[in-house]
Amino acid sequence: MVCATPFGVNLDNQTHSDKSHNNGIKASAASEIVKKTNTSDVSDKNTTKTVKVVVKSVKMSKSDYKVMKTSINKYKSVNGSNPNSYYWKSKALTIYKKDYLDAISRYNKFVKTNKVDPVYVNIFNAVKYVKCTDADDVNKVKKSPSLPLAGELSGVKGLTVLQKYMNRHLNHVNGGPSTFKGVVKSKVGDCWGLAEWAAKQLKANSYKVRIVQGATSLASNHRWVQVRLNGKWINFESSLVTKKYGSKNYSQTCARANTIVKTL
């Protein structure tokens, strides 16, 4: 497929139809919890369950550390022993006794050596409990040679990450592969193949995505991707982001969608 010179940015707006699991104590820190997730529509029949996610390492600020230490000391003075866990409210993370004692030990060692409090202390193996449906769990896709960005993309920023990846590792070739497998194998493709490849990367990250088709001045069946974000379909121009077409921004298109090829 051949794409004409882009006419500019086109956002197609057409519509188409913690609860903590521990017996520990809670902190009073109130910093904002930033949670970036992408979810597809799920049936009411899906069973909701809680999944344990281990966060290998996260920085706890000095102020949050002092809140934690004070809370633990208060609990110990009342109950005579340390709590089994500590709930870090601002991050929605549960820190078990072994791990918060390790952090306290490292913090104290730093103070003893440097005669000053550290700016932060690393917390290892904190746990977050996330509610999801069976469908969410089934739809999780592992990273692989054909899906190198699985688990890496989220929200609008994820589209920029995908754009940069395609620009570095793939390219548009007239007469190139028109299928996902062909692009995976050769690292090049025509607009059909690149649209299929981009759509599958987005789908692997739980985006709601569709492949659309429209006419340019040189071709009647040019294809690209649209992603559903914030109630709107946003263009992801899987051909124009390549070096062949000058590394355009993903939202810049060379056609207006007139056909929905398929929704993934």
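Here is how the numbers come out for the structure above:
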| item | result |
| --- | --- |
| Count of region 108-126 residues which are surrounded by 12 or more Cβ atoms within 10 Å (Cβ to Cβ) and within 14 Å of K59 (Cα to Cα) | 8 |
| In region 75-107, residue surrounded by the most Cβ atoms within 10 Å (Cβ to Cβ) [restricted to those that are within 27 Å of the chain's Cα centre (by Cα) and of a type in the set (S, T, N, Q)] | T94 |
| Which listed residue is over 28 Å from N230 (Cβ atoms) and of a type outside the set (K, R), from S154, S77, S90 | S77 |
| Filter result (within 23 Å of the chain's Cα centre (by Cα) and within 23 Å of S251 (Cβ to Cβ)) within region 161-185 | V161, L162, Q163, K164, Y165, M166, N167, R168, H169, L170, F180 |
| Total residues in region 26-48, condition at pLDDT 50 or above and touching a helix residue (DSSP H, G or I) at 6+ places or on another chain (Cβ under 7 Å) | 2 |
| Test: Y75 is in contact with a helix residue (DSSP H, G or I) (Cβ under 6 Å, 6 or more places away or on another chain) and modelled with pLDDT of 95 or more | no |
| Selection from region 186-214 of residues that are in a helix (DSSP H, G or I) and within 22 Å of the chain's Cα centre (by Cα) | L194, A195, E196, W197, A198, A199, K200, Q201, L202, K203 |
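The values are calculated or read from the model by the stated rules, or taken from the named source; none is laboratory data. Bear in mind that the values here come from a model prediction, so they are computed numbers and not experimental data. Don't worry about glycine lacking a Cβ; one is built from the backbone with ideal geometry, like all the others, and counts go over all protein chains shown.
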